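Notes follow the structure.
A short reminder: the numbers here are calculations on the coordinates, not readings from a lab. Since the model is a prediction, treat every value here as computed from it, not as a measurement. Glycine gets a Cβ as well: all are built from the backbone with ideal geometry, and neighbour counts include every protein chain shown.
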Amino acid sequence: MIIQEFDLFEGMSGEIEEQIAKVMKAESYNAGDVIIKEGDAAENFFILRNGALNVKVAGATQTTHVAVRAGEAVGWSSLAGREIYSASVSCEEPSTVLRINKDGLDEVLRRYPSEGLLFYKRLARLVGERLIKCYEVMVKLQEKGA
């Protein structure tokens, strides 16, 4: 099954993978298409299958993150209790993503609590890694300005 390819779902049972597949849809976009608009209702999160996505956080004048590795997730604020997206995501090149409905995923993960815990630990790791990258960029910018 396709979700086995991605770190967030690695090692999960075939049963839960089948349930997650029911709340997931593959979508293709062209270069320049907007997948997520900052301020819109946060109802889905997305996993990159192929292509490249630009993430631009509210107030930023330029891209704050580029997702190019298959399995990278965007729109994860929808899974962290936020009602609206805090960033915009557009396609740098033609891209295919898996759109996963947050309510549907939440329902599945509640039925499989141990795997749900594993999923959220992996999501926390992903968020932490992105935060560390942001810190590294901030330090470099401060060093240039000093």
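Some observations on this one:
- Hits among lysines - C-alpha to C-alpha of LYS133 under 24 Å, sequence gap 8 or more where chains match: LYS37, LYS56, LYS121, LYS144
- Dipole magnitude of segment 2-145, debye to nearest 20 (Cβ charges: Lys/Arg +1, Asp/Glu -1, about Cα centre): 360
- Note on segment 2-145: Cα-only Rg and Dmax are 15.5, 53 Å.
- Within segment 34-108, trypsin sites (Lys or Arg not before Pro) in DSSP loop having at most 14 other beta-carbon neighbours inside 10 Å: LYS37, ARG69, ARG82
- Going from the residue with the fewest nearby Cβ atoms within 10 Å to the one with the most, CYS91, CYS134 rank CYS134, CYS91.
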